[in-house]
Amino acid sequence: METLILELDAVGKSFPARGGPPTLAMDRVSLSVREGEFLSILGPSGCGKSTLLQIAAGLMEPSAGAVRVAGRAVKGPPPEAVYVFQQYGRSLLPWRSVRDNVAFAVEHRPGMSRSRARAVADAQLAAVALTGFGDHFPWQLSGGMQQRVALARALAAEPRILLMDEPFSAVDALTRLDLHRLMLELWEKRGLTVVLVTHDVEEAVALSDRVALLTKRPSTIARVVETGLPRPRDAVEVRETARFLELRHELLDALLTRGGHAG
Amino acid sequence: MSEAVLARPAAVSLRLRPSSGLLLVLGLLLLWEISARTGMVDSPNWPPFLHVLAALARDTVSGEIPLLVGSTLARMFAGLAAGTLAGVAAGLIFGASRLVRRLLGPTVELIRPIPIPAIIPPLVLFLGLDDAMKVTVAAVTAFFPVLTNTAQGLRAVEADQLAMARSFGVPAHRRLLRVTLPAILPYVLAGLRVALALALVTTVVAEMIAGEQGVGHYLVLMQFAGRAEEMYAAVLVLALLGYGLNRGFVLLERRLIGWFYATGRDG
């Protein structure tokens, strides 16, 4: 059960700066993600959480260190992982129907017929409670529904690991709770591994098995906290437990008082 | 590469309301008719509008005008197709490579403002008087607006959409076909709409200047022959053709890129 699905080994990232030495955005980030766990990467805004996730997804190259997914070195997006974008509105294709947006995840695969891709899409839409919306266009749906389309599309690829970049930050609070419940349900049902990037402490604690705390730039991992909260869990009810409040306090404190600095 | 090119195409209303602009059109045609009949304008070159209509009907029924229109449109569309394909291809390379932009940008900016009719005389020397020359004229007309719009559209493609496709393991050629091309289609069509209007002009001008083909040549021929009714009939045909082409194109645009207008991406 202790299979490591994602390993970050002393990953660093620097960006070229005009007329000076490159800016170090990330420094020696090491993190191991176990197969089947729900892990959140928590950090203040602008600490490079998205950068870290894109490196893990093979969408960006690290300047230093190594990334392995399912034991293999990452050189481009690995088939086991799918990346879910923060701005669902920008990653959905507006000229495609909801169904065809979901089908996009699989239709390029060898031997996949158009009708089969659509059947896959319909099944995934049902899993995110969007049955009957296949013929709509994304821009006809609410923000929460659009994010569920993006989620259905990610699930259609049957990834072992979902890399999610603040996927619930652009919707209202109630919709967010709704999506949290859906996310936990899907994670439990499908035995997924989820790495979620967020700046929302409550979201991180409520959903995760472990929370990795990222510092400000140059960012590195300050500590990793086991939540120890029971499974299966309800994303709303868990917020009333003593352990949740304790963790919330502890992590907020760490983010605020230390300003997210390592040490 | 102005933003105005991307503005929503104005749909000219043809409904008859008291305020309708169509009333003015009818009024002007009536004035034409009266001025010719009553001798307000007394000239063999100013026939009554109804005589022009009669000539138009006659030559339409005889098949002469449909044949002329068909040959003009065939050359124009052949040129448009070639120019658009070349424009999209060049625009993609232009938009994708800063090096290419730097190398070829000044050349393009120098050639682009040349009025297309000005290159007809030299083209005649190389390509002759007939189809090859005229199709080339239409192609060159379409090439530049499509090129600049394609290059501009490429910069408007969402990076997230391309990264999303990469994350799903979609290969590069398919990303181009299924993400980039649909995303830039509104821009290409905006260029094509400009090209369409210009190509009708340049094709007809080419026909007027050289050769013995199409509506343009017919127009000049009738002028030389002193057959004013047929000459005006040809002008009328061109007016209707220009209007119909634009109208048809706007409808096509609505069908193809309804999402673009629905999402308010046209600003």
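The values are calculated or read from the model by the stated rules, or taken from the named source; none is laboratory data. Since this is a predicted model, take the numbers as computed values, not measurements. Note that we place each Cβ from the backbone using ideal geometry, even for glycine, and neighbour counts take in every protein chain shown.
Below, the figures for the structure above:
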{"item": "Among (1) more than 23 Å from the chain's Cα centre (by Cα); (2) closer than 13 Å to A:Ala157 by Cα; (3) facing chain B (nearest Cβ under 8 Å), the one test that A:Ala117 misses", "result": "(3)"}
{"item": "Checklist (1) farther than 24 Å from A:His180 by Cβ; (2) of a type in the set (S, T, N, Q); (3) in contact with a Leu (Cβ under 9 Å, 6 or more places away or on another chain) applied to A:Thr23, failing item", "result": "(3)"}
{"item": "Filter result for the condition that a residue is hydroxyl-bearing (Ser, Thr, Tyr) and either under 23 Å from B:Tyr243 (Cβ atoms) or surrounded by fewer than 14 Cβ atoms within 10 Å (Cβ to Cβ) (or both), over B:Thr136, B:Thr72", "result": "B:Thr72"}
{"item": "Residue match in the range A:82-90 (condition: charged (D, E, K, R), under 25 Å from B:Glu158 (Cβ atoms) and in the same structural domain as A:Arg176 (by TED's automatic domain parsing))", "result": "yes"}
{"item": "Single condition B:Ala172 does not satisfy, out of (1) more than 14 Å from chain A (Cβ to nearest Cβ); (2) surrounded by fewer than 19 Cβ atoms within 10 Å (Cβ to Cβ)", "result": "(1)"}
{"item": "Cβ-Cβ under 8 Å pairs, at least 6 apart or on other chains, the range A:72-97 side facing chain B (nearest Cβ under 7 Å), far side of a type in the set (S, T, N, Q) and in a loop (DSSP other than H, G, I, E, B)", "result": "A:Pro94/B:Thr263"}
{"item": "Verdict on B:Ala74 being in a helix (DSSP H, G or I), within 30 Å of B:Tyr232 (Cβ to Cβ) and in contact (Cβ under 8 Å) with a residue 60 or more places away in the chain", "result": "no"}
{"item": "Selected residue [closer than 30 Å to A:Pro110 by Cβ, assigned by TED's automatic domain parsing to the domain that holds B:Leu200 and either in a helix (DSSP H, G or I) or not acidic (Asp, Glu) (or both)] from B:Ile119, B:Ile93", "result": "B:Ile93"}
{"item": "One residue from A:Arg217, A:Arg231 being closer than 21 Å to A:Met26 by Cβ, part of a loop (DSSP other than H, G, I, E, B) and of a type in the set (D, E, K, R)", "result": "A:Arg217"}
{"item": "Residue satisfying condition, being out of contact with any Phe, Trp or Tyr (no Cβ under 6 Å at 6 or more places or on another chain) and either under 20 Å from B:Gly191 (Cα atoms) or within 14 Å of another protein chain (Cβ to nearest Cβ) (or both), within set B:Leu129, B:Leu104, B:Leu125", "result": "B:Leu104"}
{"item": "Verdict on A:Ala105 being aliphatic (A, V, I, L, M) and more than 10 Å from chain B (Cβ to nearest Cβ)", "result": "no"}
{"item": "Within the range A:142-173, considering residues that are polar (S, T, N, Q) and under 20 Å from A:Val98 (Cα atoms), the one surrounded by the most Cβ atoms within 10 Å (Cβ to Cβ)", "result": "A:Gln147"}
{"item": "Considering residues of the range A:2-19 that are at negative phi and not in a strand (DSSP E or B) only, the residue surrounded by the fewest Cβ atoms within 10 Å (Cβ to Cβ)", "result": "A:Arg18"}
{"item": "Residue within the range B:221-231 that is within 14 Å of chain A (Cβ to nearest Cβ), in contact with a Lys or Arg (Cβ under 9 Å, 6 or more places away or on another chain), of a type outside the set (Asp, Glu) and surrounded by fewer than 21 Cβ atoms within 10 Å (Cβ to Cβ) present", "result": "no"}
{"item": "Residues located in the range A:195-214, provided they are part of a loop (DSSP other than H, G, I, E, B) and buried (at least 24 other Cβ atoms within 10 Å of the Cβ)", "result": "A:Ser208"}
{"item": "Which numbered condition B:Met76 fails, given (1) at pLDDT below 95; (2) under 30 Å from B:Ile257 (Cα atoms); (3) in contact with a Leu (Cβ under 8 Å, 6 or more places away or on another chain)", "result": "(1)"}
{"item": "Set A:Val211, A:Val238: member being closer than 23 Å to A:Arg34 by Cβ and free of Cβ contacts under 8 Å to residues at least 60 places away in the same chain", "result": "A:Val238"}
{"item": "Condition check for B:Val108: closer than 26 Å to A:Leu92 by Cα, assigned to a helix (DSSP H, G or I), β-branched (Val, Ile, Thr) and in contact with a helix residue (DSSP H, G or I) (Cβ under 9 Å, 6 or more places away or on another chain)", "result": "no"}
{"item": "Test for A:Gly58: is it more than 22 Å from A:Pro167 (Cβ to Cβ), within 14 Å of chain B (Cβ to nearest Cβ) and surrounded by fewer than 23 Cβ atoms within 10 Å (Cβ to Cβ)", "result": "no"}
